[in-house]
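The values are calculated or read from the model by the stated rules, or taken from the named source; none is laboratory data. Quick caveat, the model's predicted, so the values are computed rather than measured. Positions of Cβ are backbone-derived with ideal geometry, glycine not excepted, and every protein chain shown enters the neighbour counts.
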Amino acid sequence: MEEEARRFLGRYLEELPAPLGPEDPLPLTPLSRKVSLEELRGESLDLGQRLLTARDAPSPLSAAMCHIALSELLKTDLLTFQLPQDVGQEQREEQEVVLLQSELVQRLFVNKLREVGVAWKQHLPTPLPVGPARFLLCSAHAIRNTRRKMEDRHVSLPDFNTLTGLKDGVERSYYAVFDGHGGVDAAIYAATHLHIKLSQQEMLVSDPAAAFKKTFTQTDVMFKGKAQRERLRSGSTGVAVLLQGEWLHMAWLGDSQGMLVRQGQEVTLMEPHKPEREDEKQRIEDLGGCIVYNGCWRVNGTYAVSRAIGDFDQKPYISADADCCTTRLDGDEDYFLLACDGFFDTVRPDQVPALVLKALQEHREPLGAGEGAGCDSGCEEGVSTAPLGQSVAQKLVDHAKAAGSSDNITVMVVFLRLPEQLLIPDQRNTTAASGPAPE
């Protein structure tokens with residue numbers, strides 16, 4: 001790890017040999033032109049992670065550098081970047097929100113990140129940041145498919161504690177899929193900020209389910225402020241997993257779904273929120289709304305989801321109250337899968353184990369752009385040199401598309417044991433009992 005870290009830091013500082021000046025362009029575009037103090041953490045860490053990941057930084061090193069750079073940024077007088085209040089704002093609470101000019105403050109953040117790189121190139125920290133002890137190969141793939149825009153986003157944070165600065169001795173990692181509608185803004189916002197708010201919950205150790213639920217609500221409130229300022233109208237369903245010690249906590253809004261596979265068998269953890277679900281229908285009608293069939297069941301004849309972040313024109317009928325389930329991991333779990341409805345529209349959960357097994361057995365088509373990136377461009381056929389399991393998500397996405405899905409499709413498979421162990425004869429026979437993979 002030490003030699004890998006030194007090589008990366010050398011490359012990184014060759015590309016950024018000097019601090020950015022006031023007129024120098026940022027190496028990457030910030031997510032927003034204006035950012036509130038509450039949003040600054042998420043947006044800075046997002047920019048830093050994108051910047052370092054694009055330069056092949058080891059994940060634990062990237063997370064540690066971003067955290068330290070953010071800590072140094074927050075020590076500065078950020079009010080020097082404050083924008084003047086918009087006299088046209090009608091909401092009093094909106095007038096009290098301090099907004100910063102994002103490009104200026106992120107230029108300072110990039111320079112702080114560079115300072116960390118310079119210091120570490122001279123003297124690497126001891127001990128070096130390392131990844132989680134639990135084996136976690138993450139295979140993720142996403143395609144726009146036949147839709148005009150790509151409105152999905154997904155997040156993989158194996159170094160959750162390092163990135164967010166948690167030091168309570170409990171190992172954590174975080175994974176999520178967000179499916180936007182009416183635009184991508186809500187999905188981007190949730191992918192950027194939800195894990196940050198989760199890390200700040202006081203009850204994260206004592207009551208993770210309550211912490212997760214509160215996090216979704218707070219993220220929705222935060223996005224409402226941005227939506228009002230920028231006149232945004234989008235929404236996003238989502239499903240997220242926090243691995244905390246030996247426990248798996250899954251929280252969700254809407255029809256994005258997650259599932260666990262244990263010894264080749266599907267384990268149902270959740271039921272998606274859909275307008276036609278009897279309890280959802282009753283909740284909406286009790287609030288004075290209605291469920292109307294227009295190609296599919298829709299809330300007040302508009303949105304085809306009953307819970308989401310955003311969609312403020314249909315609140316409270318479309319709720320931001322997440323559900324959460326908790327499962328203890330005994331060590332015999334194979335993997336968990338997160339995906340948007342574009343996948344589950346054409347693939348039943350009970351078909352997943354056989355499809356994953358088939359993908360592992362084939363293992364001959366290359367990934368392309370690396371773990372979790374998703375490769376939609378020319379990849380030559382042949383024996384894959386990627387680790388076994390890394391191309392599984394791409395195979396699942398391809399299957400869903402071939403089965404007739406026209407929606408955006410995002411699939412994330414996080415292995416909880418070595419994929420090779422899923423191919424041993426007794427495990428293969430157990431998995432095959434779930435049924436043959438659909439043709």
Search the stretch 143-184 for residues being of a type in the set (A, V, I, L, M) and under 12 Å from the mean Cα position of the chain (by Cα), and hand back the single one that is surrounded by the most Cβ atoms within 10 Å (Cβ to Cβ).
-> V177
Screening V267, V239, V261 for residues that are touching a residue at least 60 places away in the same chain (Cβ under 8 Å), surrounded by fewer than 21 Cβ atoms within 10 Å (Cβ to Cβ) and closer than 15 Å to V414 by Cβ leaves only V267
Looking at the stretch 144-190, which of its residues are touching a residue at least 60 places away in the same chain (Cβ under 8 Å), among the small types (G, A, S) and part of a helix (DSSP H, G or I)?
-> A186, A190
What number of residues within the stretch 252-271 satisfy the criterion of being part of a loop (DSSP other than H, G, I, E, B) and either outside the structural domain of H181 (by TED's automatic domain parsing) or among the aliphatic types (A, V, I, L, M) (or both)?
-> 2
The correct count of residues that are farther than 15 Å from S59 by Cα and part of a loop (DSSP other than H, G, I, E, B) in the stretch 115-132 is 5
Given the conditions (1) within 23 Å of F336 (Cα to Cα); (2) part of a helix (DSSP H, G or I), and given that K274 satisfies all but one, which numbered condition is not satisfied?
-> (2)
Confirm whether Y317 is at pLDDT 95 or above, of a type outside the set (G, A, S), buried (at least 17 other Cβ atoms within 10 Å of the Cβ) and not in a strand (DSSP E or B).
-> yes
Is it fair to say A190 is more than 18 Å from the chain's Cα centre (by Cα), closer than 15 Å to D321 by Cα and among the hydrophobic types (A, V, I, L, M, F, W, C)?
-> no
Among the candidates R41, R33, R7, residue that is of a type in the set (K, R), surrounded by 14 or more Cβ atoms within 10 Å (Cβ to Cβ) and not assigned by TED's automatic domain parsing to the domain that holds G165 = R41
Restricting the stretch 145-160 to residues that are of a type in the set (S, T, N, Q) and out of contact with any helix residue (DSSP H, G or I) (no Cβ under 8 Å at 6 or more places or on another chain), which is modelled with the lowest pLDDT?
-> T146
When the stretch 186-245 is examined, which residues are found to be touching a Phe, Trp or Tyr at 6+ places or on another chain (Cβ under 6 Å) and either aromatic (F, W, Y) or modelled with pLDDT under 95 (or both)?
-> Y189, F223
Which members of the stretch 330-346 meet the condition of being touching a residue at least 60 places away in the same chain (Cβ under 8 Å) and surrounded by 17 or more Cβ atoms within 10 Å (Cβ to Cβ)?
-> E333, D334, Y335, F336, L337, L338, A339, C340, D341, G342, F343, F344
When the stretch 277-288 is checked residue by residue, the ones that are in a loop (DSSP other than H, G, I, E, B) and either surrounded by fewer than 16 Cβ atoms within 10 Å (Cβ to Cβ) or among the polar types (S, T, N, Q) (or both) are L287, G288
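Which one is farthest from R348 (Cα to Cα), of the residues in the stretch 289-312 that are part of a loop (DSSP other than H, G, I, E, B) and in contact (Cβ under 8 Å) with a residue 24 or more places away in the chain? Quick ask: steps written out before the conclusion?
As a first pass, look at the stretch 289-312 and keep what is part of a loop (DSSP other than H, G, I, E, B): 289-290, 294-296, 300-302, 304-306, 308, 311.
Subsequent filtering for residues that are in contact (Cβ under 8 Å) with a residue 24 or more places away in the chain retains 289, 304-306, 308, 311.
Working: G289: 30, A304: 19, V305: 19, S306: 21, A308: 22, D311: 28 Å.
Among those residues, the one meeting the criterion is G289.
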Would the stretch 64-82 turn up any residue that is under 22 Å from the mean Cα position of the chain (by Cα) and within 30 Å of D334 (Cα to Cα)?
-> yes
Kindly indicate the residue of the stretch 356-392 that is within 23 Å of the chain's Cα centre (by Cα) and at pLDDT 50 or above and also nearest to L157 (Cα to Cα) among those meeting that condition.
-> Q390
